[in-house]
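**Student:** My structure is below; once you've seen it, I'll send some questions.
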Amino acid sequence: MSSTTQTAPIPLSRKPAGRVDPGAKTACIRTFGCQMNVHDSDRIRRMIQDAGYAEVQRYEDADLVILNTCYVRENAVDRVKGHLGELNRLRREGRVKKVALTGCIGAAEESAALRQTYDIDLVLGTHNTYELAEFVGLPTMQETYTPELPGTEGGHNAFVTIMTGCNYQCSYCIVPTVRGRMVCRPMGSVIGEVEDLVAGGTGYVTLLGQTVDAWRHEGKRFCDLLEAVSESAPRVWFTTSHPSNMENRTLKAIGERDAIVKRLHLPVQSGSDRMLKVMHRGYKAERYKRKIDVFREAAPEGTLSTDIIVGHPGESEEDHEQTLRLVEDCAFDSAYIFKFSPRLGTEAATLPGTVPDAVVQRRFLEVLRQVEQNAFRRNQRKVGGEEEIYIRHGSTEDGKAIGETWSGHAVHVNTDAAPGKYVKARIVSAGPHVLYAGEPATSV
Ligand code: 5AD
Ligand code: SF4
């Protein structure tokens, strides 16, 4: 993970376009935003495959293009607009026939204007993605294509959605508007999916939800579910957590249970109690830090990442300094740092006290520098040690595979081991974002 101003679009597949039956209908899915969207795209992929479409990687090869979108910050929308403009051109040239827009932009009011401007054929929100089935020529199947249905099958890594939506109302956030209130999936259904995935060869399960640790169902809480999953799956991670829901029990379980990757993503957003109140986060900096102490004690080698917003309306220099102090105190291994982006329909978009761009930029760089210095220092401590590395992505042309240690560090390693395998290698150097392992890397 790296410090960044934005969530980069995530490539859905590293596979080349492949051979497509001439005459077969073709579809291209492009995903923007968070892992939740990546997972929704997996479900969309199954729909189009069921409808007889072959998946292609380039717009110009596609009859149908599906943009599965993110609305969380304005730059996410700008990026999608760029793609829509390009698609309009390809459609005029007859190279793309239809365009569908799904995901969080689809659920926002702005989608009506986009539909008109770019002449989009189908716009779907996050709750009615199943309507895509009918659009691609399948019978309407609301029951079949619901979040209950596993999206990924047989991959080495699989996402499992355990809850959707969010019951918080953070001042700046559009998610509750576009994803709705929290809905938790029954424990039996989650465990059943995990067991099926593991039986099908999945070695790494990531539990997903906007506030994953808020999961509860019939008297069970998130930690119960996490423990049960860690009994079934060989490797488990979860994201994204909310500090107010994070129980010490869960933090301790991360340290104690071998199957759980010792990596915690716990968005703090700000180090200032005043800003945390304005943001309606529901905790103070001190309480957040106490949780981090519990995590560090439970998993001293583990990695901790966070989200921070700079330049929220009303953020003073003193507030910013408190954020810098918290970053120093928590010694994050990485952070996603975001410049505040006003989202229509959120409280923060109407608040006074806009922070000038130049100030936001300076604060952004100051937080970034603080995070990177610390991450670099912490990563240096890993140099010289031998690590068991899970291969996430197989080697590219330069022979480097991308893996992950049990402490949750990203590692570049020289190996041709396939994704899903483990190798043992010594860490020879480290940057602020990634560790580098040397050769030879032995397979475990
Ligand atoms: N402006 C900037 N960052 C935002 N985030 C959510 N909404 C906004 C916004 N309006 C950030 C938060 C959240 C992450 C997914 O995106 O830090 O944790
Ligand atoms: Fe948005 Fe806050 Fe819910 Fe996270 S907890 S999705 S930031 S409203």
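**Student:** Every residue in the range 91-115 that is farther than 24 Å from Val38 by Cβ and either outside any helix (DSSP H, G or I) or among the hydrophobic types (A, V, I, L, M, F, W, C) (or both), please.
**Tutor:** Within the range 91-115, Glu93, Gly94, Arg95, Lys97, Glu109, Ala112, Ala113 meet the criteria.
**Student:** Can you spot a residue in the range 339-356 that is closer than 30 Å to Pro419 by Cα and outside any loop (DSSP other than H, G, I, E, B)?
**Tutor:** no
**Student:** Among the candidates Val268, Val236, single out the residue that is among the aliphatic types (A, V, I, L, M) and within 30 Å of Arg363 (Cα to Cα).
**Tutor:** After ruling out the rest, the residue left standing is Val268.
**Student:** In addition: Which count do you get for residues in the range 192-203 that are of a type outside the set (S, T, N, Q) and surrounded by 22 or more Cβ atoms within 10 Å (Cβ to Cβ)?
**Tutor:** Matching residues across the range 192-203 total 3.
**Student:** Still on this structure, I have one more. If you check Ala401 against the conditions, is it hydrophobic (A, V, I, L, M, F, W, C) and in a strand (DSSP E or B)?
**Tutor:** It is true that Ala401 is hydrophobic (A, V, I, L, M, F, W, C) and in a strand (DSSP E or B).
**Student:** Hey, another quick one. Among (1) under 23 Å from Trp237 (Cβ atoms); (2) out of contact with any Lys or Arg (no Cβ under 8 Å at 6 or more places or on another chain); (3) within 16 Å of ligand 1 (Cβ to nearest atom), where does Ile292 come up short?
**Tutor:** Just one mismatch for Ile292, condition (3).
**Student:** As an exercise: evaluate Lys81 against (1) out of contact with any helix residue (DSSP H, G or I) (no Cβ under 8 Å at 6 or more places or on another chain); (2) assigned to a helix (DSSP H, G or I) and give the number of the one condition it does not meet.
**Tutor:** Of everything listed in (1) out of contact with any helix residue (DSSP H, G or I) (no Cβ under 8 Å at 6 or more places or on another chain); (2) assigned to a helix (DSSP H, G or I), Lys81 misses just condition (1).
**Student:** Still on this structure, please answer the following. Would you call Glu328 under 30 Å from Val261 (Cα atoms), in a helix (DSSP H, G or I) and over 21 Å from the mean Cα position of the chain (by Cα)?
**Tutor:** yes
**Student:** Pairs needed: first member in the range 96-115, farther than 18 Å from His127 by Cβ; second member anywhere, aromatic (Phe, Trp, Tyr); C-beta distance under 6 Å; at least 6 residues apart or different chains.
**Tutor:** Taking only residues 6 or more apart or on different chains, the pairs are Val96/Tyr59.
**Student:** I'd like to check something: does the range 230-239 contain any residue that is touching a strand residue (DSSP E or B) at 6+ places or on another chain (Cβ under 8 Å), without any contact (Cβ under 8 Å) to a residue 24 or more places away in the chain and either more than 16 Å from Asp333 (Cβ to Cβ) or not small (Gly, Ala, Ser) (or both)?
**Tutor:** No, that holds for no residue.
**Student:** Considering the range 303-325 alone, what residues qualify as being in a helix (DSSP H, G or I) and within 14 Å of ligand 1 (Cβ to nearest atom)?
**Tutor:** The answer is Thr323, and nothing else.
**Student:** Taking the range 267-301 as the search range and keeping residues that are more than 18 Å from Arg249 (Cα to Cα), of a type outside the set (A, V, I, L, M) and not in a loop (DSSP other than H, G, I, E, B), which one is nearest to ligand 2 (Cβ to nearest atom)?
**Tutor:** Of everything passing the filter in the range 267-301, Gln269 is nearest to ligand 2 (Cβ to nearest atom).
**Student:** Let me ask you something else. Consider the range 93-115. How many of its residues are over 21 Å from Asn75 (Cα atoms) and surrounded by fewer than 22 Cβ atoms within 10 Å (Cβ to Cβ)?
**Tutor:** Qualifying residue count for the region: 5.
**Student:** Same structure, new question: In the range 158-177, what count of residues is obtained for those that are within 19 Å of the chain's Cα centre (by Cα) and near ligand 2 (Cβ under 10 Å from one of its atoms)?
**Tutor:** Residues meeting the conditions: 11.
**Student:** Oh, and also: Which residue, of His320, His312, is surrounded by 21 or more Cβ atoms within 10 Å (Cβ to Cβ) and within 16 Å of ligand 2 (Cβ to nearest atom)?
**Tutor:** None of the other options fit; the residue is His312.
**Student:** Applying the selection to the range 42-72, what residues are out of contact with any Leu (no Cβ under 6 Å at 6 or more places or on another chain), farther than 18 Å from Arg95 by Cβ and part of a loop (DSSP other than H, G, I, E, B)?
**Tutor:** Across the range 42-72, the qualifying residues are Gly52, Cys70, Tyr71, Val72.
**Student:** Being within 18 Å of Glu404 (Cβ to Cβ), modelled with pLDDT of 95 or more and buried (at least 18 other Cβ atoms within 10 Å of the Cβ): is that true of Val229 here?
**Tutor:** Yes: the conditions hold for Val229.
**Student:** Ok, one more. Taking the range 389-403, which residues are surrounded by fewer than 22 Cβ atoms within 10 Å (Cβ to Cβ) and out of contact with any Lys or Arg (no Cβ under 6 Å at 6 or more places or on another chain)?
**Tutor:** Arg392, His393, Gly394, Ser395, Thr396, Glu397, Asp398, Gly399, Lys400 - these are the residues of the range 389-403 that are surrounded by fewer than 22 Cβ atoms within 10 Å (Cβ to Cβ) and out of contact with any Lys or Arg (no Cβ under 6 Å at 6 or more places or on another chain).
**Student:** Quick one: in the range 171-187, which of the residues that are under 15 Å from Ala214 (Cα atoms) and of a type outside the set (A, V, I, L, M) is farthest from ligand 1 (Cβ to nearest atom)?
**Tutor:** Taking the candidates together, the pick is Pro186.
The values are calculated or read from the model by the stated rules, or taken from the named source; none is laboratory data. The structure presented is a predicted model; accordingly, all values stated were derived computationally and were not measured. Virtual Cβ from ideal backbone geometry, glycine too; neighbours counted across all protein chains shown.
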